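The values are calculated or read from the model by the stated rules, or taken from the named source; none is laboratory data. As the structure is a prediction and not an experimental result, all values here were calculated from the model. Note: ideal-geometry Cβ built from the backbone for every residue, glycine included; neighbour counts use all protein chains shown.
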Amino acid sequence: TTKDKEGLEVIRHDAAHVLAMAVQELFPETQVTIGPVIEDGFYYDFSRKKPFTSEDLTKIENKMKKIVDRNDLTKREVWKRDEAIKHFKKIGEQYKAEIIEDIPRNEEISIYHHGKWHDLCKGPHLPSTGKIGKAFKLTKVSGAYWRGDSNNEMLQRIYGTCWRNKKELDEYLLRLEEAEKRDHRKLGKEMDLFHFREESPGAVFWHHKGWTLFQTLIDYMRQKQKKAGYKEINTP
């Protein structure tokens, strides 16, 4: 059922498919790759020359809601391996064809249809797109190499979150908002403690106030350690 963890994962899996449907309806030149469920949501990786913008995310999310309203029926089919590869190559989905080529020959090729759209997928899925509901939100876009290999093409990954109902969604978004307020990168900048630079990822550039605070904490820790009988060393 949708009330348990597995049920929520199915909802999120369907939401990933609806995301891909929406993207390809709005931007037909886009190729789809993979779209798994992750903690608190889902993502889908796309191959598209033009980068997605925040305005695009709004359009995509609105299109997803229309697809939910359409209530497209879900149908599962098992295809022959060679036919599936030939089909996806023919419609310009090179990534899907590559995935199928890597599937062991003893495994079946499962295809899920949602209305006119279809995707390679093991499933399971809900009976129709309308069963997902509208308690979802697209959150961000980032880059991701195809198959995690920096020698491959850089794809665009759209993240989303999806829940059973609007109450759960609102509670999650509120938690994100509160966490962002306490983000050390944001606080450090606002309080004039430190900053980061793109040219040196992970390196902290301390301001006077921040470095003074840092040294004060170090001195306090050293006093406590000395009192407890510890000796300070340094390692690479």
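Residues that are among the hydroxyl-bearing types (Ser, Thr, Tyr) and outside any helix (DSSP H, G or I) were ranked within the stretch 16-75; the one that is nearest to residue 176 (Cα to Cα) is 43.
Exactly one residue among 146, 117, 163, 206 is in contact (Cβ under 8 Å) with a residue 60 or more places away in the chain, of a type in the set (Phe, Trp, Tyr) and touching a strand residue (DSSP E or B) at 6+ places or on another chain (Cβ under 7 Å), and that residue is 146.
Does residue 11 count as touching a Cys at 6+ places or on another chain (Cβ under 9 Å), in a helix (DSSP H, G or I) and modelled with pLDDT of 95 or more? Judged against the criteria, residue 11 is a match. With the requirement that a residue be surrounded by 12 or more Cβ atoms within 10 Å (Cβ to Cβ) and not aliphatic (A, V, I, L, M), what does the stretch 124-139 give you? Across the stretch 124-139, the qualifying residues are 124, 125, 128, 129, 130, 131, 133, 134, 136, 137, 139.
Scanning the stretch 85-127 for residues that are at pLDDT 95 or above and small (Gly, Ala, Ser) returns 92, 97, 110, 115. Number of residues in the stretch 56-80 that are exposed (fewer than 15 other Cβ atoms within 10 Å of the Cβ), more than 18 Å from the chain's Cα centre (by Cα) and more than 15 Å from residue 129 (Cα to Cα) equals 3. Can you name every residue in the stretch 116-172 that is among the small types (Gly, Ala, Ser) and within 15 Å of the chain's Cα centre (by Cα)? The answer is 142, 143, 144, 148, 160.
Going by what's in this entry, would residue 107 be described as surrounded by fewer than 13 Cβ atoms within 10 Å (Cβ to Cβ), part of a strand (DSSP E or B) and among the acidic types (Asp, Glu)? No; evaluated as a whole, the condition is false for this residue.
Here residue 196 clears all of (1) closer than 30 Å to residue 66 by Cα; (2) free of Cβ contacts under 8 Å to residues at least 40 places away in the same chain except the condition numbered (1). For the stretch 125-134, does any single residue satisfy the condition of being in the same structural domain as residue 39 (by TED's automatic domain parsing), within 23 Å of residue 51 (Cβ to Cβ) and in a helix (DSSP H, G or I)? No, the stretch 125-134 contains no residue that is in the same structural domain as residue 39 (by TED's automatic domain parsing), within 23 Å of residue 51 (Cβ to Cβ) and in a helix (DSSP H, G or I).
Mind checking which residues of the stretch 148-180 are in a helix (DSSP H, G or I) and either among the hydroxyl-bearing types (Ser, Thr, Tyr) or surrounded by 10 or more Cβ atoms within 10 Å (Cβ to Cβ) (or both)? Within the stretch 148-180, 166, 167, 168, 169, 170, 171, 172, 173, 174, 175, 176, 180 qualify. The set of residues in the stretch 8-41 that are among the hydroxyl-bearing types (Ser, Thr, Tyr) and without any contact (Cβ under 8 Å) to a residue 60 or more places away in the chain contains only 30.
Take residue 145 and decide whether it is surrounded by fewer than 15 Cβ atoms within 10 Å (Cβ to Cβ) and closer than 30 Å to residue 94 by Cα.
So residue 145 passes the test.
Here 95, 112 are screened, and the one residue that is in contact (Cβ under 8 Å) with a residue 40 or more places away in the chain, surrounded by 15 or more Cβ atoms within 10 Å (Cβ to Cβ) and in a helix (DSSP H, G or I) is 95. Tell me yes or no: at least one residue of the stretch 82-89 is in a helix (DSSP H, G or I), in contact (Cβ under 8 Å) with a residue 12 or more places away in the chain, out of contact with any Lys or Arg (no Cβ under 8 Å at 6 or more places or on another chain) and exposed (fewer than 12 other Cβ atoms within 10 Å of the Cβ). No, the conditions are met nowhere in the stretch 82-89.
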